[in-house]
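The structure appears below as structure tokens.
The values are calculated or read from the model by the stated rules, or taken from the named source; none is laboratory data. Worth saying up front: this structure is predicted, and the values here are computed from it rather than measured. We place every Cβ from the backbone using ideal geometry, glycine too, and count neighbours over all the protein chains shown. Protein only, heavy atoms only, side chains kept; ligands, DNA and RNA dropped before computing areas. Shrake-Rupley method; radii C 1.70, N 1.55, O 1.52, S 1.80 Å.
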Amino acid sequence: MSEANSYRDLVCWQNAIDLVLLVYEITDKYPPNERFGLASHTRRSAVSVPSNIAEGTRHKKTGYISRLVIALGEHAELETQLIIADRLGYIRQNDKERMEGLSASVGQLTHGLLRSLERGSH
């Protein structure tokens, strides 16, 4: 496995950026009355995931781990908000499938990076 020179090299960060773009695409289709409600909260949670992954790389190991834990918390919050939106009927089936696949990837890769740091491999 090659070593990452920048947070931009991390596949979890790259996928998280793709997830942000997808979230913006999906939330653009929410009803207008959700603009400052669920859509806004969902977008903030989505943006927070890659932001915390990137910020973590600028910290020493314990800070990095802390930022990844925060990113995973934001990821869980994002998934919860998307489940709520889906149950409200705001998300199309094809968007839901794309989101679930990409979100699962972000979660798995970020958990993997966290476990790697906790084991001391980085």
Exercise. In region 25-45, which residue that is of a type in the set (Lys, Arg), out of contact with any helix residue (DSSP H, G or I) (no Cβ under 7 Å at 6 or more places or on another chain) and without any contact (Cβ under 8 Å) to a residue 60 or more places away in the chain is nearest to Gln93 (Cα to Cα)?
Worked result: Arg35
Exercise. Which of the residues belonging to region 99-122 are in contact (Cβ under 8 Å) with a residue 40 or more places away in the chain and either in contact with a strand residue (DSSP E or B) (Cβ under 7 Å, 6 or more places away or on another chain) or open to solvent by 80 Å² or more (accessible area, probe 1.4 Å) (or both)?
Worked result: Glu118, His122
For this session: State all residues of region 6-58 that are closer than 21 Å to Leu109 by Cβ and aromatic (Phe, Trp, Tyr); if no residue qualifies, say none.
Result: Tyr7, Trp13, Tyr24
